[in-house]
Structure formats: C-alpha cells, structure tokens
1. Would you confirm, using the coordinates I've provided, whether L387 is touching a strand residue (DSSP E or B) at 6+ places or on another chain (Cβ under 7 Å), at pLDDT 85 or above and open to solvent by 50 Å² or more (accessible area, probe 1.4 Å)?
2. Can you tell me which of (1) farther than 30 Å from V404 by Cα; (2) surrounded by 13 or more Cβ atoms within 10 Å (Cβ to Cβ) is the one G470 doesn't meet?
3. Could you please find all residues in region 190-203 being open to solvent by less than 60 Å² (accessible area, probe 1.4 Å), touching a residue at least 24 places away in the same chain (Cβ under 8 Å) and either among the basic types (K, R) or under 30 Å from R417 (Cβ atoms) (or both)?
4. Looking at region 126-136 only, could you name the residues that are open to solvent by less than 20 Å² (accessible area, probe 1.4 Å) and either on the phi > 0 side of the Ramachandran plot or not hydrophobic (A, V, I, L, M, F, W, C) (or both)?
5. Just one of V80, V93 is touching a Lys or Arg at 6+ places or on another chain (Cβ under 9 Å), within 23 Å of V147 (Cβ to Cβ) and not basic (K, R); which is it?
6. Exactly one of these conditions fails for Q213: (1) open to solvent by 50 Å² or more (accessible area, probe 1.4 Å); (2) polar (S, T, N, Q); (3) more than 16 Å from the chain's Cα centre (by Cα). Give me its number.
7. Pick out the one residue from L408, L425 that is under 30 Å from A261 (Cα atoms) and touching a His at 6+ places or on another chain (Cβ under 8 Å).
8. Counting only residues that are among the aromatic types (F, W, Y) and within 23 Å of A479 (Cβ to Cβ), which one in region 287-335 is modelled with the highest pLDDT?
Amino acid sequence: MSSRIIPVQPFDYVVFGATGDLTKRKLIPALYHRFKDGQFDENSRIIGASRSKLSSADFQQAARDAITAFVEPPYQDPAVIDRFVKIFSYVPVDATNPEGTGDLGKALRDDPKIVRAFYLAVAPDLFEPIAEYLYKKKLYRRDARVVIEKPLGHDLASSMAINDGVSKIFKEDQVYRIDHYLGKETVQNLLALRFANTLFEPIWNSAHIDHVQLTVAESVGAGTRGYYDESGALRDMIQNHMLQLLCLVAMEPPASDDANALRDEKLKVLRALKPIVNGDVAKSTVRGQYKGVKSETTSVAGYQDELPEAKKGSRTETFVALKAEVENWRWAGVPFYFRTGKRMASRVSEICIQFKPIPHSIFDHAEGAAKANKLIIRLQPDEGVKLMMMIKDPGPGGMRLREVPLNLSFAKTFTERTPEAYERLLLDVIRGNQTLFMRRDELEQAWKWVDPIREGWDRSSEPPQSYVAGTWGPSGAIALIERDGRTWYEDDN
C-alpha cells in the first residue's frame with residue numbers, strides 16, 4: 001500500500017533565518033523529501049534570507065550538507081539532491097536596516113499563479129520588523145502566507161504584542177502558527193480514529209471514560225540551551241503542544257474538516273477548561289527539576305550543573321504534572337492528567353484513554369481480575385494505537401482472564417516511510433490549508449489558562465521538587481494522581 005502523492009502549486013518559499021539550526025535540521029530535509037516524492041519540482045524556488053553574507057552557491061552547499069547530516073542514508077539520492085539544490089538561492093537581508101540589504105524582490109516571481117510564502121525561522125522580536133520590511137519593499141501580497149514559529153510570547157500580553165505586530169501587515173487568514181506536534185501522523189490519526197469510526201464516538205464521554213492521561217517525556221536534558229531557562233516546561237510544552245492534544249481528544253465533532261470548523265471546536269475546549277488559580281495551583285499542579293546522578297556506570301549532570309554561573313539557583317521547572325478539568329456535558333467529572341519533563345526514564349509521547357470498569361463482573365471465580373479497557377495512542381516513538389482488552393487465556397482448567405493488546409503499529413502496517421511533521425505542514429502552507437495550525441484566539445485562550453499557574457508558582461516560596469535524572473519525575477507527581485485512586489500508565493510491553 002503506498003501513499004497518494006498530490007502535487008502542490010509552484011511556489012516561492014522565502015526562509016528568513018536561513019542559516020539557523022531549524023532550517024538545517026528540519027526545513028531543508030523536509031522539503032527535500034517532498035521534492036524527492038514528487039510533490040513539487042523545479043518550477044518552485046526556495047530562497048534563503050538572513051544577515052549572513054553568503055552567496056547562492058554557499059546556500060546550495062549548506063543544503064547539501066543538511067541533507068547529508070539529517071536525512072537517513074537510504075533516502076539520499078545524489079541525482080535528486082543535484083536537482084533539488086538548484087532551486088535554492090540566497091539573498092542577504094537585514095530587516096532592521098532595509099536600506100542596506102540585498103534585493104529580495106529580484107528573487108521573487110511576480111506571478112499570481114506562484115504561491116508566495118515567508119517562513120520566519122527567527123526570534124519573535126524580528127517578526128514585526130520582517131513583516132514591515134516586506135510591506136515597505138512591496139513584497140507583500142494579499143494572497144501571500146507567513147509562517148511563524150514558537151515561542152509566541154511568554155505570557156498573554158507578550159503573545160498579543162507579537163500577534164499585533166504581525167497583523168499590522170498580514171491578515172489572520174494569511175498567518176500560519178506552526179506547532180510541529182499537530183503535523184505528526186499519529187496526531188492526525190486521532191481525528192480519523194474518533195470521527196471516521198462508529199466504534200469509539202458513542203463511548204467517548206464521561207459515561208464510559210474514567211480519565212485521560214497525556215504524557216510527553218524526554219530522556220534528554222535542557223543542556224546549554226539558554227532559551228529553556230526563560231520558558232520552562234509549562235510554557236515550552238503544556239501551553240502549546242499538550243493543550244493542542246487535549247483539544248483533539250476532548251473536542252466535539254466539527255461540522256466538516258474545514259479548518260475553521262475544526263478550530264472552532266478546539267477553542268470551545270480551551271474555553272471550557274476549569275481555571276487553576278490561587279489555592280488550586282498547589283493542589284492541582286506539580287513542578288520539578290532534575291538533579292544529577294553518578295554511579296560506576298552513569299554520570300548525568302543535573303539542571304543546575306548545566307546552567308551558567310549567573311543563573312545558578314534558577315527555579316525554572318524541567319517537569320510539570322497537573323490535573324485539568326473540561327467543564328462541559330461530555331467531560332463533566334473526567335480528569336485530564338498532564339505529565340511532561342526532561343531527563344525522564346524514556347522518550348515517549350502518548351495519550352492514554354482509561355475507560356471505566358465493567359459495571360458487573362460475572363467472573364467471580366475466575367483467575368485474574370477483569371481490568372478496565374485502555375486505549376493508548378502512541379505519538380512517538382513506535383507510532384501506533386493499542387487497545388488493551390480482556391480475553392480468556394487459552395487452555396482447559398477453568399476461566400483465566402488475561403489482559404492483551406490489540407496493537408496497530410504504523411511501522412508494521414505501513415511499509416513505506418512515514419513523513420515527518422514538517423513535511424506535511426510546510427506544504428499545507430502552500431495548499432492554503434490552516435487545519436493543523438493554531439488560530440490567534442486559540443493561542444490567546446491557552447495563555448489565559450496557563451498564566452495563572454505560572455503566577456501561582458511565582459508567588460510561592462516552594463521551589464520545584466527535585467527528581468533524579470532517568471526517573472518518571474518527582475514523588476509529588478505520583479501523589480497527584482494516586483490521591484484520586486489512579487496511577488500513571490507506563491508501558492511494560
């Protein structure tokens with residue numbers, strides 16, 4: 001079984017921040033794969049723009065180097081790479097000094113059939129200057145698209161300021177706020193699982209679901225990335241990635257797959273989230289910070305050890321667990337437990353839908369208890385969907401109940417390569433499809449919910465709880481869920 005490749009219109013894709021890490025690691029490899037699979041060809045252009053004084057030949061060589069470094073060797077085709085890099089060109093641009101820059105206009109084609117897109121792989125404080133630069137240089141078109149990357153602010157006020165700056169030039173239907181989590185195949189399959197099957201939707205409510213767990217765990221540390229100490233796990237993961245996952249799990253069926261129909265339903269979920277304020281912050285949230293571990297075989301630095309001297313003593317959280325509630329008819333009484341952190345026991349992103357126990361068991365004399373069903377949606381690694389259910393263990397000698405998985409592994413079911421998230425999202429911009437991108441009101445509603453949690457922590461004298469690197473977080477996270485008579489799901493298979 002193979003994917004059906006649907007070509008996109010020819011485009012001019014201008015990447016600001018062309019020499020940055022995001023461009024090398026994600027954007028160039030993603031565009032290469034789409035070019036290799038035939039979704040666009042030499043009629044399209046990729047134009048690098050940054051302050052660095054490079055030539056187009058330099059940028060083409062940088063593209064080759066990025067493919068060599070970040071594309072798996074079996075997919076590196078020298079002939080395709082040669083064709084691909086020929087569509088690259090480069091213009092030195094300093095948006096803060098428009099008079100002293102190269103002429104980006106000469107690299108763009110003035111043809112309404114050519115889609116014009118600008119990817120701002122730069123710091124958010126450059127979004128507004130770049131938008132103004134494009135307008136002053138007469139490079140803005142009403143049908144142009146602009147892609148902006150997080151962090152989109154550190155609170156509601158700063159987020160609104162960033163969006164206000166961009167919206168001075170670009171209208172809302174032109175702005176694509178990218179969250180790579182929404183481009184993952186498994187995340188998109190959550191929509192198909194819910195709304196393309198009659199099996200789950202009738203029981204996708206508080207009458208049948210006991211609780212939901214969302215886990216995004218990373219085994220790596222924060223390292224020396226300076227931005228992380230300014231954000232922390234709450235802003236870096238909860239405010240965007242994990243709240244978007246919550247929306248897809250909890251939203252009502254949209255009227256259609258139209259982008260705004262879907263985003264309208266996500267916004268309703270965010271508005272229905274019960275605020276966590278004042279005393280509820282200490283009761284419903286846990287923040288942690290990993291500490292180092294040393295043994296004969298392992299030596300891992302703690303978060304404080306990785307910080308520069310000026311930031312020692314930082315209270316930035318590298319772990320967050322919290323309990324959220326969606327106050328509407330579908331989800332009344334169903335808690336949603338979040339857990340995310342760095343230096344955890346393993347790298348895993350998954351959603352666990354825990355169903356309620358059967359109302360009455362007829363197997364009083366059976367060996368083994370009848371456990372409640374669970375649906376586990378694994379986002380990474382080993383993407384797939386697993387339904388835990390009870391069966392009779394084969395063999396004579398009475399009834400022996402056993403929990404077994406119905407396991408859909410994407411890798412085993414679909415033999416072709418699974419595209420990375422950026423591959424889908426980059427070309428959705430060209431298609432003009434905003435379904436998997438955040439609308440401004442979604443982003444601001446998420447900040448409205450997150451800000452009081454941060455403010456509560458800032459007022460508290462309690463520092464983050466410490467946890468040993470390589471574990472599942474601080475003990476407070478275990479207590480948070482076990483107070484309710486529940487436990488965190490951890491895959492033993």
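The values are calculated or read from the model by the stated rules, or taken from the named source; none is laboratory data. It should be emphasised that the depicted structure is a prediction, and the values quoted were computed from it without experimental measurement. Positions of Cβ are backbone-derived with ideal geometry, glycine not excepted, and every protein chain shown enters the neighbour counts. Only protein heavy atoms, including side chains, enter the accessible area calculation; ligands, DNA and RNA are left aside. Shrake-Rupley method; radii C 1.70, N 1.55, O 1.52, S 1.80 Å.
1. Numbers: touching a strand residue (DSSP E or B) at 6+ places or on another chain (Cβ under 7 Å): yes; at pLDDT 85 or above: yes; open to solvent by 50 Å² or more (accessible area, probe 1.4 Å): no.
The answer is no for L387.
2. Every listed condition holds for G470 apart from (1).
3. As a first pass, look at region 190-203 and keep what is open to solvent by less than 60 Å² (accessible area, probe 1.4 Å): 190-194, 200-201, 203.
Subsequent filtering for residues that are touching a residue at least 24 places away in the same chain (Cβ under 8 Å) retains 190-191, 193-194, 200-201, 203.
Scanning region 190-203 gives L190, L191, L193, R194, F200.
4. So the first thing to find is which residues in region 126-136 are open to solvent by less than 20 Å² (accessible area, probe 1.4 Å), and the list is 127, 130-131, 133-134.
Matches in region 126-136: Y133 only.
5. Numbers: V80 fails: within 23 Å of V147 (Cβ to Cβ).
Testing whether each residue is touching a Lys or Arg at 6+ places or on another chain (Cβ under 9 Å), within 23 Å of V147 (Cβ to Cβ) and not basic (K, R) leaves just V93.
6. Answer for Q213: the failing condition is (1).
7. Numbers: L408 fails: touching a His at 6+ places or on another chain (Cβ under 8 Å).
Of the residues listed, the single one that is under 30 Å from A261 (Cα atoms) and touching a His at 6+ places or on another chain (Cβ under 8 Å) is L425.
8. Our first condition is that a residue be among the aromatic types (F, W, Y); within region 287-335, this holds for 290, 303, 319, 329, 331.
Restricting the remaining residues to those that are within 23 Å of A479 (Cβ to Cβ) gives 290, 303, 319.
Numbers: Y290: 90, Y303: 86, F319: 96.
Ranking the qualifying residues of region 287-335, first place goes to F319.
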